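See below for the structure under consideration.
The values are calculated or read from the model by the stated rules, or taken from the named source; none is laboratory data. In this text, all values refer to a predicted model and were calculated from it rather than measured experimentally. FYI the Cβ positions are ideal-geometry reconstructions off the backbone, even for glycines, and counts take in every protein chain you see.
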2 protein chains.
Amino acid sequence: MGGLRGKVAVVGVGMIRFGELFDKSFTDQMQEAYLNCINSVDKGFETKMLDAAWFGQWSGGILGQGAQAGSPLASGIGNMHIPITRVENGCASGQDAVRNAAIGVASGLYDVVLALGCEKMRDKPSVESLIGVGGGGGGILGYHPSWMLGMGGPSMQALYATRQMYEHGVTQEDFSRVAVKNHYNGARCPYAHFQKEITLERAKAAPPVCWPLNLMDCCPQTDGAAAVILCKAEIAKNFTDKPVYVWGSHLGIDHANYWDKKQFVSILSTVRAAKGVFEMAGITPQDLDFAEVHDCFTNIELMHYQDMGFCEMGKGHLLLREGYWNMDGTLPVNPSGGLKAHGHPIAATGVGQICEAFWQLREEAGARQVKLNKGLGLTHNSGGPGFGTAGMHILSREL
Amino acid sequence: MGGLRGKVAVVGVGMIRFGELFDKSFTDQMQEAYLNCINSVDKGFETKMLDAAWFGQWSGGILGQGAQAGSPLASGIGNMHIPITRVENGCASGQDAVRNAAIGVASGLYDVVLALGCEKMRDKPSVESLIGVGGGGGGILGYHPSWMLGMGGPSMQALYATRQMYEHGVTQEDFSRVAVKNHYNGARCPYAHFQKEITLERAKAAPPVCWPLNLMDCCPQTDGAAAVILCKAEIAKNFTDKPVYVWGSHLGIDHANYWDKKQFVSILSTVRAAKGVFEMAGITPQDLDFAEVHDCFTNIELMHYQDMGFCEMGKGHLLLREGYWNMDGTLPVNPSGGLKAHGHPIAATGVGQICEAFWQLREEAGARQVKLNKGLGLTHNSGGPGFGTAGMHILSREL
């Protein structure tokens, strides 16, 4: 397997404020994120400079919004003259759109490319949504086997949460602490869905959704869009004096169905993505200044610390109690607020994490800026049926 | 825009016989196509040789089969240790999966990759299927704007067919002639859904579906799967003494909605894909020995001759009458039987066309073998909402 170091740069990023965007159409969201993205390019950017695009889009088919393909993005950016691939890989759709865009640049076929993720999650009522406790055959996930057996998002995640409590001594209070940390960060991010701190008492007292998880353990259903422009590293300075470089990009896979899983304290797609991305970048977790990590439910963030090698198995919640993952801790996790506070418009989430990493590495993150040491950040999403996919990137301020 | 010549080879292909495969699961179909594919590699192949895969899959969300992502393919091929991207680009999903796989090889990240397309189209009744005349809000395409206005596949295609008749003097008999040609070819292909010749009289007398199109102008709803293995050109001879090389790979885009179209005698996504793919390959249509062309409805094959530069605008049906596109004609089109006779399991169709091109270029196509001159073949699908996407490849027996 070859690498990406020295080949691919990020030169512009943009997103819209995530939230319940009933006043914006799908196309509106794409346009606004795209315009923010091209307007962010320091030395200017025009749509005709694009050679190709990758479109992260998950909800189209599932939510009954019809087939998507690449063409809706063409309308969103007003360009019918480039190839546009729609990528769908569950909650890793955004990371994988960026990954395929980076591969496109590395291939030599395209010099300048776009990755954009967009979702309208709120156009379906919550009872039919991912957060629906039961789900079942009538839910939005239709005939997916897990959902047919009555497994919605929270009930599937509870299988892990209870096992984390049993095997590692994690408590419900630890889950709440993740929410408190991520809301603290999200309150400092102008693009976050929830820009509001919460107390530990408030988090612990939230109504139960599926034991041991309560409402404050669940990320919201969120509309959103985010976009990034990547180019060949050697032309990056044509666009900005401060490009950010892609050192690693990898996708991990695991079984799609829960009945194939052998344990419930680890997400194997994340383990595999992490192994690949650190190898590709040639760094270790200890080199990172921050990480944006998938926290669709608070308990999964604790597993991901361990699965990505940030700490020993079973120790994530102990370090959490010490403030290790806080914005001013040893390894800040989710300075953007994470899925919990920033929101989770599936494919837009991963592209948005790349935006956040770009801002952090350029020290443009304002009140949520982390302290940089080596100038390296990580982004991560896991998802799909049975958390069968996980996408990761390692970004650097150095070539 | 860079090129692919000299970089990427196809070293193995496999498909299953397309048809109504109620006796095979989705996973069964993938496994059988994949095993046929790896068993086709002359010097042997093992799954552990794969570095990455791209999964063409359209129907998952739309047909209520749930989210797909990359992980179902991992189960199909028994490999949890490589990145797998799901690509969805309407009826061009298969071509685009192969395109992204070729880009992956060209990037230097991966030496050996898989592209596989699989669909279960028959698990929904015809009345809710693509061929449903009305479609509407209750059909499988859910809330897609075109379908909400009562536009199913045949009724959308009739907009073009009537305009072809008006502007170019095409007749309903010409549409029938396309069906007769493609059934003749399909009768000679062991993987085709319909392996049966039809007479012009029979085709003309078929019951109407949506005037001017009758049942014999419509491709069937078909289950199927197809797979191809691509690798770096310089290691191709490790796998076979007769590799086939990818000279061009491109995707064209157009508006997704019919109300944005300015004319109905040309598919602009195909025009753009053709321009890009011929430029990339550095050849002209006159260099081709054969082409596999998207014929979901017979009339669209006539437009595609013209849109790809095979002949002048408005002349495709005149050349058809002379036998120009026949298997023994000047430029054989759809030796496999095309979508009309071979069937159209969306993403499997495009990957299957690459299989057919591989066999033709290696002169292994048996009773449907075309005569080779320069050893160059083309594959093509258009689709998505409003034929907003078109994927194309140019393959060569020479490096």
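If only residues of region A:255-279 that are in a loop (DSSP other than H, G, I, E, B) and either of a type outside the set (Lys, Arg) or within 20 Å of A:Thr330 (Cβ to Cβ) (or both) are counted, the one that is modelled with the lowest pLDDT is A:Asn257. A:Leu320 falls short of the stated requirement of being in contact with a Gly (Cβ under 6 Å, 6 or more places away or on another chain) and surrounded by 20 or more Cβ atoms within 10 Å (Cβ to Cβ).
Could you list all residues from region A:1-39 that are acidic (Asp, Glu) and part of a loop (DSSP other than H, G, I, E, B)? Outline the logic, then answer.
Filtering region A:1-39 for residues acidic (Asp, Glu) gives A:20, A:23, A:28, A:32.
Passing the criteria: A:Glu20, A:Asp23.
Yes/no matrix, rows are residues, columns are (1) small (Gly, Ala, Ser); (2) closer than 26 Å to A:Ser107 by Cα; (3) in contact with a helix residue (DSSP H, G or I) (Cβ under 6 Å, 6 or more places away or on another chain):
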site: B:Pro243; (1), (2), (3): no, yes, yes
site: B:Ser249; (1), (2), (3): yes, yes, yes
site: B:Asp254; (1), (2), (3): no, yes, yes
site: B:Gln263; (1), (2), (3): no, no, no
site: B:Leu268; (1), (2), (3): no, no, no
site: B:Gly282; (1), (2), (3): yes, yes, no
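Condition first: more than 21 Å from B:Met392 (Cα to Cα) and at pLDDT 95 or above. Can you find one or more residues in region B:350-363 that meet it?
Here is the first cut: in region B:350-363, the ones more than 21 Å from B:Met392 (Cα to Cα) are B:363.
This time we only want the ones that are at pLDDT 95 or above, so: B:363.
Yes - at least one qualifying residue is present in region B:350-363.
Please go through region B:341-399 and pick out each residue that is polar (S, T, N, Q) and assigned to a helix (DSSP H, G or I).
At the first step, the residues of region B:341-399 found to be polar (S, T, N, Q) are B:349, B:353, B:360, B:369, B:373, B:379, B:381-382, B:389, B:396.
Passing the criteria: B:Thr349, B:Gln353, B:Gln360.
Checking each residue in region B:168-189 for being under 17 Å from the mean Cα position of the chain (by Cα) and either surrounded by fewer than 20 Cβ atoms within 10 Å (Cβ to Cβ) or over 12 Å from B:Leu320 (Cα atoms) (or both) picks out B:His183, B:Asn185, B:Gly186, B:Cys189. Evaluating A:Ser336 against the criteria (1) in contact with a strand residue (DSSP E or B) (Cβ under 9 Å, 6 or more places away or on another chain); (2) surrounded by 24 or more Cβ atoms within 10 Å (Cβ to Cβ); (3) not in a loop (DSSP other than H, G, I, E, B) leaves one unmet condition, (3). Taken over region B:286-305, the criterion of being among the aliphatic types (A, V, I, L, M) and assigned to a loop (DSSP other than H, G, I, E, B) is satisfied by B:Leu288, B:Val293.
Counted as qualifying within region B:200-254 are the strands (runs of 3 or more DSSP E) with 3 or more residues that are touching an Asp or Glu at 6+ places or on another chain (Cβ under 9 Å) and either polar (S, T, N, Q) or crowded, with 16+ Cβ neighbours inside 10 Å (or both), namely B:224-232, B:244-253. The set of residues in region B:78-112 being at pLDDT below 95, under 23 Å from the mean Cα position of the chain (by Cα) and not in a strand (DSSP E or B) consists of B:Gly90 alone. Scanning region B:252-274 for residues that are hydroxyl-bearing (Ser, Thr, Tyr) and at the interface with chain A (Cβ under 8 Å from one of its Cβ atoms) yields one hit, B:Ser269.
Residues B:Gly248, B:Gly282: which one is under 21 Å from B:Val87 (Cα atoms) and either among the hydrophobic types (A, V, I, L, M, F, W, C) or at pLDDT 95 or above (or both)?
Selected residue: B:Gly248, the only one of B:Gly248, B:Gly282 that is under 21 Å from B:Val87 (Cα atoms) and either among the hydrophobic types (A, V, I, L, M, F, W, C) or at pLDDT 95 or above (or both).
Can you find a residue in region A:100-118 that is touching a Pro at 6+ places or on another chain (Cβ under 8 Å), more than 7 Å from chain B (Cβ to nearest Cβ) and over 21 Å from A:Ala233 (Cα atoms)? Looking through region A:100-118, at least one residue is touching a Pro at 6+ places or on another chain (Cβ under 8 Å), more than 7 Å from chain B (Cβ to nearest Cβ) and over 21 Å from A:Ala233 (Cα atoms).
Let's see how each residue does on (1) within 14 Å of another protein chain (Cβ to nearest Cβ); (2) charged (D, E, K, R); (3) under 27 Å from B:Ala365 (Cβ atoms); (4) crowded, with 19+ Cβ neighbours inside 10 Å:
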position: B:Asp28; (1), (2), (3), (4): no, yes, yes, no
position: B:Gln31; (1), (2), (3), (4): no, no, yes, yes
position: B:Asn36; (1), (2), (3), (4): no, no, yes, yes
position: B:Asp42; (1), (2), (3), (4): no, yes, yes, no
position: B:Leu50; (1), (2), (3), (4): yes, no, yes, yes
position: B:Ile77; (1), (2), (3), (4): yes, no, yes, yes
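With within 12 Å of chain A (Cβ to nearest Cβ), in contact with a Lys or Arg (Cβ under 6 Å, 6 or more places away or on another chain) and among the acidic types (Asp, Glu) as the only criterion, which of B:Glu88, B:Glu20 stands out? Can you show your working first?
On the way: B:Glu20 fails: within 12 Å of chain A (Cβ to nearest Cβ).
It is B:Glu88.
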